[in-house]
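The values are calculated or read from the model by the stated rules, or taken from the named source; none is laboratory data. Model, not experiment: these values are computed from the prediction. In this analysis, Cβ positions are derived from the backbone assuming ideal geometry, glycine residues included, and neighbour counts consider all displayed protein chains. What goes into the accessible areas is simple: the full protein's heavy atoms, side chains included, and nothing from ligands, DNA or RNA. Shrake-Rupley method; radii C 1.70, N 1.55, O 1.52, S 1.80 Å.
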Amino acid sequence: MSDYRIRIENVSKFFGHSIQAVKNASLKVKKGEVVLIIGPSGSGKSTLLRSVNRLEVATEGKIWIDDDEVTSSSIDIRKIREEAGMVFQSFNLFPHLRVIDNITLAPRTVKNLSKEGANEQARKLLKKVGLEDKEQAYPGQLSGGQQQRVAIARALAMEPKVMLFDEPTSALDPEMIKEVLDVMLDLAREGMTMLVVSHEMGFARAAADKVVFMDGGEIIEVGAPDELFSNPKEERTRKFLTHIL
């Protein structure tokens, strides 16, 4: 078995004939590592992230989670989605279901967990994200930060090997960002392997093992947060960082 939880090798993604969103990207993420992907809008960050659990299908190259080749035509996509939990920018909760039912739906339908077993697991996860008093609420009764924490609990309910976060705080008001980042920090401390697209530099410094800078669909530079933020090697990285730091 590989030492790496995620391996991305020479991945390219085309939309139609003319748009290349990702260009020959390679990246390795060790078990328990937290890797943050930054870069300007349209740089291919989200497309690369979404390729890891086959929400986007890579045009070229290969991706593995452990020894499962995500890019293989014969792979069971449902298995990949179980292994790689995904948290989106918009929370994507079912508005007509209570919080507890949002969390238990997939474990009950995909993993055939009993209602009692799924509810017990959901309550533990709600406690983990600080929302144990909200199990009977509907998503519309929650703040954006609370909805995003429910979305994290829902992804964790499938007991994934990897958590993928696609700009999880960008739709939130500033005062709600911290409550979501605190949950992500706890996951990082517990050793969850995480691939995160975000511009939250505080989170990068506190939790990320590596920061990846993408521009124009390419991985331009990879480094430890302190090193990359204070002394970037590439001019394109330097230019980008002057706008956000």
| task | Please go through region 192-223 and pick out each residue that is open to solvent by 40 Å² or more (accessible area, probe 1.4 Å), at pLDDT 95 or above and not in a strand (DSSP E or B). | result | ASP209
| field | Filter result for the condition that a residue is under 17 Å from GLU159 (Cα atoms) and either surrounded by 14 or more Cβ atoms within 10 Å (Cβ to Cβ) or among the polar types (S, T, N, Q) (or both), over VAL99, VAL70, VAL29, VAL129 | value | VAL129
| query | Could you say which residue among LYS79, LYS13 is in contact with a strand residue (DSSP E or B) (Cβ under 8 Å, 6 or more places away or on another chain) and either buried (at least 17 other Cβ atoms within 10 Å of the Cβ) or of a type in the set (Phe, Trp, Tyr) (or both)? | reply | LYS13
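For (1) at negative phi; (2) free of Cβ contacts under 8 Å to residues at least 24 places away in the same chain; (3) not in a helix (DSSP H, G or I), each residue gets a yes or a no:
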{"position": "PHE14", "(1), (2), (3)": "yes, no, yes"}
{"position": "ALA21", "(1), (2), (3)": "yes, no, yes"}
{"position": "ASN24", "(1), (2), (3)": "no, no, yes"}
{"position": "GLY32", "(1), (2), (3)": "no, no, yes"}
{"position": "SER43", "(1), (2), (3)": "yes, no, yes"}
{"position": "THR47", "(1), (2), (3)": "yes, no, no"}
{"position": "LEU55", "(1), (2), (3)": "yes, no, yes"}
| request: Please work out if ILE152 is more than 18 Å from ASP182 (Cβ to Cβ) and either polar (S, T, N, Q) or within 17 Å of the chain's Cα centre (by Cα) (or both). | output: no
| remark: By residue number, the members of region 41-55 that are open to solvent by 40 Å² or more (accessible area, probe 1.4 Å) and either under 24 Å from VAL183 (Cβ atoms) or modelled with pLDDT of 95 or more (or both) are ARG50, LEU55
| said: Quick test of your reading of the structure: ALA171 fulfils all but one of (1) out of contact with any helix residue (DSSP H, G or I) (no Cβ under 6 Å at 6 or more places or on another chain); (2) in a helix (DSSP H, G or I); (3) under 26 Å from ILE38 (Cα atoms); (4) open to solvent by 30 Å² or more (accessible area, probe 1.4 Å). Name the failing condition by number. | reply: (2)
| request: From PHE94, PHE88, grab the single residue that is modelled with pLDDT of 95 or more and either open to solvent by less than 50 Å² (accessible area, probe 1.4 Å) or within 22 Å of PRO139 (Cα to Cα) (or both). | output: PHE94
| query | Does ILE152 count as under 19 Å from PHE88 (Cα atoms), open to solvent by less than 40 Å² (accessible area, probe 1.4 Å) and either out of contact with any helix residue (DSSP H, G or I) (no Cβ under 6 Å at 6 or more places or on another chain) or part of a loop (DSSP other than H, G, I, E, B) (or both)? | reply | no
| message | Restricting to region 120-130, and then to whatever is closer than 15 Å to LEU181 by Cα and either polar (S, T, N, Q) or in a loop (DSSP other than H, G, I, E, B) (or both), can you tell me which residue is farthest from the chain's Cα centre (by Cα)? | response | GLY130
| said: Looking at region 218-242 only, could you name the residues that are aliphatic (A, V, I, L, M) and under 19 Å from ALA207 (Cα atoms)? | reply: VAL222, ALA224, LEU228, LEU241
| Taking the stated definitions as given, is ASP226 in a helix (DSSP H, G or I), among the acidic types (Asp, Glu) and farther than 23 Å from PRO107 by Cα? | yes
| note | For region 27-48 the number of residues that are farther than 24 Å from GLU235 by Cα and of a type in the set (A, V, I, L, M, F, W, C) is 2
| remark: Those residues of region 109-119 which are surrounded by fewer than 17 Cβ atoms within 10 Å (Cβ to Cβ) and either in contact with a strand residue (DSSP E or B) (Cβ under 6 Å, 6 or more places away or on another chain) or assigned to a helix (DSSP H, G or I) (or both) amount to THR109, VAL110, LYS115, GLU116, GLY117
